[in-house]
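Here's the structure, in structure tokens; my notes come after.
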Amino acid sequence: MMNLQTLVGTELPIIQAPMAGVQGSALAVAVSNAGGLGSLPGAMLTPDALRQELSAIRARTTRPYNVNFFCHAQPAADPAREAAWRAALAPYYAEFGIDPASIATAPARLPFSAAVADVLADFAPPEVSFHFGLPSPELLARVKAWGAKVLSSATTVDEALWLQAHGVDAVIAQGLEAGGHRGMFLSDDLTTQGGTFALLPQLVHALRIPVIAAGGITDAQGVAAALALGAAGVQVGTAYLLCPEATTSAVHRAALQSDTARHTALTNLFTGRPARGIVNRIVRELGPLSALAPCFPLATSAVAPLRAKAEGFGSGDFSPLWAGQNVAGCRDVPAGVLTQELVRGLG
């Protein structure tokens, strides 16, 4: 089966996972220039901001790079559920002196759209990846029209087969260990989710296209193990969070370097969709999964002012401290150095 280097034109079998909220173009450029595939997360960027970041990438590297987008359906507003969610947060609002009536409701993450495709067409990025499935056939055709390779995340064999049938060039096998949002899109049943090294060989056996391993891999030994199980390459995210090129906040960096990073959970409290992060006060007190949290991505706005207040005091008690289950390889070293270390010893 084709390896990642042949598929996307990189020197190394490494993709830097796109991590919205903790990176911009600088991390992507550093990884691409080191021989991996740097990724720019576009889910939280306006079309103008996306254009600026793509311009920065074009100015700083001639190597292949990836741009990533979410493909969720925007939910309808649910005033009753929003009110119940804010009622659950009311004690925290009182603690910080926040007036709930002053909090606007607005999604922080938008799905891939025609306006975004218009921007991308001007840059024709060589790789485009998606989370939560794929965009409409019309939008996907626009991406493929300039020759981009298309990747998307699968968390089950069924999702991987669906992606293959709908024209992706490679599937990212996202194991349960992975930090950030689950890429699940055919089911919201968390019991369907398996670990990376359980999921990976199943996808390699079931698919005729390359499979990229993601989740819990932070060092060269993990990369070697994934390749030995048939992965065409490895996508690494958490290990890059402490790199100077990342925009990871001070409280997030502190949490990653503390003993608390050993305890992560899937939680929907911050966005309305399960995502893995370090357990903090709000996760402990409300429980990681709440039926009250509005549908993704509408849960974000109610928690945002609590996050801002707490971080102002140097606390990550109300912050989404995204991280995978394995932070052992997460170190404060330049991203290019880390990228090279991930393939040390490989033949």
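The values are calculated or read from the model by the stated rules, or taken from the named source; none is laboratory data. This is a predicted model, so every value here is computed, not measured. Note: ideal-geometry Cβ built from the backbone for every residue, glycine included; neighbour counts use all protein chains shown. With ligands, DNA and RNA removed, areas are computed over all heavy atoms of the protein, side chains included. Shrake-Rupley method; radii C 1.70, N 1.55, O 1.52, S 1.80 Å.
Points worth noting:
- The spacing between segment 170-204 and segment 79-156, judged by their C-alpha centroids, is 20 Å.
- Normalised contact order of segment 2-136, rounded percent, pairs of Cα under 8 Å and 6 or more residues apart: 27 percent
- Other residues whose C-beta falls under 13 angstrom from the C-beta of Thr264 contribute a net charge of +2, scoring Lys and Arg +1 and Asp and Glu -1.
- Computed from Cα positions, the angle between helix 47-60 and the longest principal axis of the chain comes to roughly 40 degrees.
- Among beta bridges that DSSP assigns inside the chain, antiparallel share in %, nearest 5: 20 percent
- Applying the criteria of a DSSP loop state and at most 13 other Cβ atoms within 10 Å to the chymotrypsin sites (Phe, Trp or Tyr not before Pro) of segment 208-314 yields Phe313.
- Neighbours of Asp99, meaning other residues whose beta-carbon lies under 15 angstrom from its beta-carbon, give a summed charge of +1 when Lys and Arg score +1 and Asp and Glu score -1.
- 1.4 Å probe accessible area per residue over the chain, in Å²: 39 Å²
- Per-peptide packing, taken as the mean over residues of other Cβ atoms within 10 Å, places 97-105, 192-200 in the sequence 192-200, 97-105 from highest down.
- Translational diffusion coefficient (Stokes-Einstein; Kirkwood radius from C-alpha pairs) of segment 28-124 at 10 °C, 1.306 mPa s, in µm²/s: 97 µm²/s
- Whole-percent pair-distance distribution, where bins are 10 Å wide, for the alpha carbons of the chain: 6, 26, 36, 24, 7, 1
- Segment 99-171: C-alpha gyration tensor shape, a/c 1.5 cut-off, then a/b vs b/c: oblate
- Kirkwood's formula applied to the C-alpha pairs of segment 127-222 gives a hydrodynamic radius of 13.5 angstrom.
- Neighbourhood net charge (13 Å Cβ-Cβ; Lys/Arg +1, Asp/Glu -1) for Leu207: -2
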